[in-house]
Amino acid sequence: MSSNDYYCLQVHDGKNLKGRSNDAKASACLYIACRQEGVPRTFKEICAISKISKKEIGRCFKLTLNALATSVDLITTADFMSRFCANLDLPNMVQRAATHIARKAVEMDIVPGRSPISVAAAAIYMASQASEHKRSQKEIGDIAGVADVTIRQSYKLMYPHADKLFPEDFKFTTPIEMLPQM
């Protein structure tokens, strides 16, 4: 029995989710199973395949965790970085730099309260702009499922600290002082 089957069975038999649609319950179970199996997906990605609103999946997600008396690890920028970079056709060098940038930004508390997905998208933007493999905010936003303005907001917080965020061995095509300023 897969994780998703187990969760669906437990949730279906429980009383916590009475009145919620079966699709919403299944979507929440799928979201939890993906995270626990190490292949996390965003709420937006689950919404796209289930046609259930992000808000409803979020509600069912919380109720399902309570019903199952379980928890899931918090998502991090690293959970999405390799998939986003692969979908953007970015080389490993850019992915490693973006991962480093995002991790340092979180460690240095530069992006407090920002979604890990937004931070990952901004880190990818910063790393790609410093390399020869530039990607626009729109391209990154389309892959990450965030708005251009969301990337800009996180990037604005990170930009003043760019010299401390890049890995020491990064090969700059565009120097830090020439990166886009917002």
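Would you check if Ile176 is without any contact (Cβ under 8 Å) to a residue 60 or more places away in the chain and either over 20 Å from Asp79 (Cβ atoms) or surrounded by fewer than 18 Cβ atoms within 10 Å (Cβ to Cβ) (or both)? Yes; evaluated as a whole, the condition is true for this residue. Inside the stretch 141-163, residues that are part of a helix (DSSP H, G or I) and without any contact (Cβ under 8 Å) to a residue 12 or more places away in the chain make up a count of 4. Those residues that are surrounded by 14 or more Cβ atoms within 10 Å (Cβ to Cβ) and either of a type in the set (S, T, N, Q) or more than 15 Å from Ala24 (Cα to Cα) (or both), I need them from the stretch 37-58; list them, please. Pro40, Arg41, Thr42, Ser50 - these are the residues of the stretch 37-58 that are surrounded by 14 or more Cβ atoms within 10 Å (Cβ to Cβ) and either of a type in the set (S, T, N, Q) or more than 15 Å from Ala24 (Cα to Cα) (or both). Restricted to the stretch 164-182, and to residues there that are under 20 Å from Arg96 (Cα atoms) and in a helix (DSSP H, G or I), the residue that is farthest from the chain's Cα centre (by Cα) is Ile176.
Scanning the stretch 136-163 for residues that are in contact with a Leu (Cβ under 8 Å, 6 or more places away or on another chain) and over 15 Å from Ala98 (Cβ atoms) yields no hits at all. Residue selection: Ala86 fails the criterion of being more than 21 Å from Cys34 (Cβ to Cβ), part of a helix (DSSP H, G or I) and not acidic (Asp, Glu). There is no residue in the stretch 110-121 that is farther than 20 Å from Leu74 by Cβ, part of a helix (DSSP H, G or I), free of Cβ contacts under 8 Å to residues at least 60 places away in the same chain and within 18 Å of the chain's Cα centre (by Cα). The single condition among (1) surrounded by fewer than 20 Cβ atoms within 10 Å (Cβ to Cβ); (2) free of Cβ contacts under 8 Å to residues at least 40 places away in the same chain; (3) part of a helix (DSSP H, G or I) that Asn66 does not satisfy is (2).
Got at least one residue in the stretch 113-120 being in the same structural domain as Phe172 (by TED's automatic domain parsing), closer than 16 Å to Lys164 by Cβ and crowded, with 24+ Cβ neighbours inside 10 Å? Yes, that holds for at least one residue. Comparison of Lys134, Lys138 shows that the only residue that is part of a helix (DSSP H, G or I) and either of a type in the set (Lys, Arg) or in the same structural domain as Gly38 (by TED's automatic domain parsing) (or both) is Lys138.
Can you pull out every residue in the stretch 69-83 that is surrounded by 12 or more Cβ atoms within 10 Å (Cβ to Cβ) and either at pLDDT below 85 or assigned to a loop (DSSP other than H, G, I, E, B) (or both)? Residues satisfying the conditions are Thr70, Val72, Ile75, Thr76, Thr77.
The values are calculated or read from the model by the stated rules, or taken from the named source; none is laboratory data. Quick caveat, the model's predicted, so the values are computed rather than measured. When we count neighbours, we look across all protein chains shown, and the Cβ atoms used for this are built from the backbone with ideal geometry, even at glycine.
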